[in-house]
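The values are calculated or read from the model by the stated rules, or taken from the named source; none is laboratory data. What you see is a predicted model; the values in this text were computed from it and never measured. Backbone-built Cβ (ideal geometry, glycine too); neighbour counts: all protein chains shown.
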Amino acid sequence: MKTGLSEDTKVSCLAELTSPTTFYGMYCIYVLQSKKDKSLYIGFTQDVKKRLIEHNKGLCSSTRNKRPLRLAFYEAYTSEVDARTRESRLKQLLRNLKSGGGFNSLIRFMFTIVP
């Protein structure tokens, strides 16, 4: 299945979420979950640790009222373009799910062939 991302650019899909690593020269997408209302936020950064701290200190207007936040997921890429593409696709999926697309939207997203 094609995802539109270069196979060699995605370095890892990391499971250890309690202490994210800083990947120097890497581009990361991340998913935060609000402990307050369980909502999700998707973002892009080169330093996941620093960004999580900024979100939880209330320095980001989009998540200020959702604190505290936990890191639910992140991926690291060598290509900024691929990381931003992945971020965009995840945000699109989240919008579709919020608008009532539900399971069908998830299935369509997962099996979309991107040239």
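Residues are listed down the side, and each one gets a yes or a no for (1) modelled with pLDDT under 95; (2) in contact with a helix residue (DSSP H, G or I) (Cβ under 7 Å, 6 or more places away or on another chain):
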{"residue": "Leu17", "(1), (2)": "yes, no"}
{"residue": "Tyr24", "(1), (2)": "yes, no"}
{"residue": "Arg64", "(1), (2)": "no, no"}
{"residue": "Tyr77", "(1), (2)": "yes, yes"}
{"residue": "Leu93", "(1), (2)": "yes, yes"}
{"residue": "Leu97", "(1), (2)": "yes, yes"}
{"residue": "Gly101", "(1), (2)": "yes, no"}
{"residue": "Arg108", "(1), (2)": "yes, no"}
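Counting just the residues of region 26-82 that are in a loop (DSSP other than H, G, I, E, B) and in contact (Cβ under 8 Å) with a residue 40 or more places away in the chain, which one comes out surrounded by the fewest Cβ atoms within 10 Å (Cβ to Cβ)? Explain how you work it out, then say what you get.
So the first thing to find is which residues in region 26-82 are in a loop (DSSP other than H, G, I, E, B), and the list is 26, 35-39, 46-47, 57-63, 67-68, 78-79.
Now drop any that are not in contact (Cβ under 8 Å) with a residue 40 or more places away in the chain, which leaves 26, 78-79.
Values: Met26: 20, Thr78: 15, Ser79: 17.
Only one residue fits best here, namely Thr78.
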Discussion item. Which of the numbered conditions does Lys49 fail, given that it passes all the others? Conditions: (1) closer than 24 Å to Gly25 by Cα; (2) among the basic types (Lys, Arg); (3) touching a Lys or Arg at 6+ places or on another chain (Cβ under 8 Å).
Written reply: (3)
